Amino acid sequence: MASSPKLVLQILITIIVAVATVSSDSTDNDERVSELLSQQSRSKSGVIRLNDQTLSRYISSVETPRPYSLLIFFDATQLHDKSELRLTELRNEFAIVASSFITNNANTSALANLFFCDIEFKESQLSFSQFGVNALPHIRIVGPNHGFQDSEPMDQGDFSRLAESMAEFVEAKTRLSVGPIHRPPFLTTSKLIVIALIFCIWVPFFVKKVLSGQTIFHEPKVWLAGSVFVYFFSVSGAMHNIIRKMPMFLVDRNDPSKLVFFYQGSGMQLGAEGFTVGFLYTVVGLLLAFMTHGLVLIKSVTLQRVIMMFALLVSFLAVKQVVSLDNWKTGYGIHGFWPSSWN
């Protein structure tokens, strides 16, 4: 019985220490939230720039759950010129998600439960290492109970849908609603006013030119150039390259000093391939147009025949080159069906 007061005293001390610890953690968390909200308000897009020191402060103390989550975009300025990574585009989309979340959740408690942040490689090499990030693009969610190692990355395949897929990732991991995505208008009100004024000033001069037949639309050469451009655009697969955002060439994996302009395999077409085939087809089309419209104006029959034979030979070689490239790329052979008596 003599030890009971001592046991009670130990229990009281333990309770007091625990309460003090919880109170201290709560105070620290309140300070962190206030700091993040302040930095968020000072950021134009709502994205907070962190580094090794600040990031360790906001992710430390995982013994007790933090009242907030961090969505971190990993950036590297020296890689912005690599178009295949699309870092600049993805960073802009990330900022759009951040501003949309702040706008849609203004004056709600959710605003203090999620913060959008980014870190730059040169400023935060230690953080890149702690997260185990060795390839970009990369986005990671650090939940209330997460540290560096157990945070959850966004799937690389989801980057294709840009802001929409980022918003879905946030909602799936945090149970917070991002809301509709608010993209900035292509033209602001001031730009529209300037354009309207210029248009009003320009219309009378344009009408005068049209009535006198002095516009570029009355020039046959302009229509000819436009027709050739449309033809080249159609046969070169340029629309495919624009929609798929295909690069003009790739770097050879086996030899980084070499560039690959023609990719073997039907699953992908590089921009250089399309432009090469488009150029060959355009040459054939222009020769055909010349033979049907220009050749008849030449009076010399001998010269007509020479030019026609030359045009047919060039057209044959161009089409043969296209067929050879298709055979090499797809693995399928294209051949002529000759009469059986010729075999």
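Here are some notes:
- The residue that is modelled with the highest pLDDT, counting only those in region 61-79 that are within 24 Å of Arg175 (Cβ to Cβ) and assigned to a loop (DSSP other than H, G, I, E, B), is Tyr68.
- Matching residues in region 80-108 - criterion: being assigned to a helix (DSSP H, G or I) and either β-branched (Val, Ile, Thr) or farther than 22 Å from Arg244 by Cα (or both): Thr88, Ala95, Ile96, Val97, Ala98, Ser99, Ser100, Phe101, Ile102, Thr103, Asn104
- Test result for Ala196, over 30 Å from Leu325 (Cβ atoms), among the small types (Gly, Ala, Ser) and in a helix (DSSP H, G or I): yes
- Residues in region 248-255 include none that are polar (S, T, N, Q), in the same structural domain as Asn327 (by TED's automatic domain parsing) and under 22 Å from Ala318 (Cα atoms).
- Failed criterion for Ile102 (all others in (1) within 19 Å of the chain's Cα centre (by Cα); (2) within 19 Å of His182 (Cα to Cα) hold): (1)
- In region 199-217, residue farthest from His146 (Cα to Cα) [restricted to those that are loosely packed, with under 10 Cβ neighbours inside 10 Å and modelled with pLDDT of 85 or more]: Pro204
- Glu273, sole failed condition from (1) at pLDDT 85 or above; (2) touching a Lys or Arg at 6+ places or on another chain (Cβ under 8 Å); (3) not aliphatic (A, V, I, L, M): (1)
- Subset of region 115-145 (residues that are out of contact with any Asp or Glu (no Cβ under 9 Å at 6 or more places or on another chain) and in a loop (DSSP other than H, G, I, E, B)): Lys122, Gly132, Val133, Asn134, Ala135, Pro144, Asn145
- Filtering region 144-158 to residues that are closer than 22 Å to Thr54 by Cα and within 26 Å of the chain's Cα centre (by Cα) leaves Ser151, Glu152, Pro153.
The values are calculated or read from the model by the stated rules, or taken from the named source; none is laboratory data. Computed from a predicted model, the values in this text were never measured in an experiment. With ideal geometry, Cβ positions are generated from the backbone for all residues, glycine too; neighbour counts draw on all protein chains shown.
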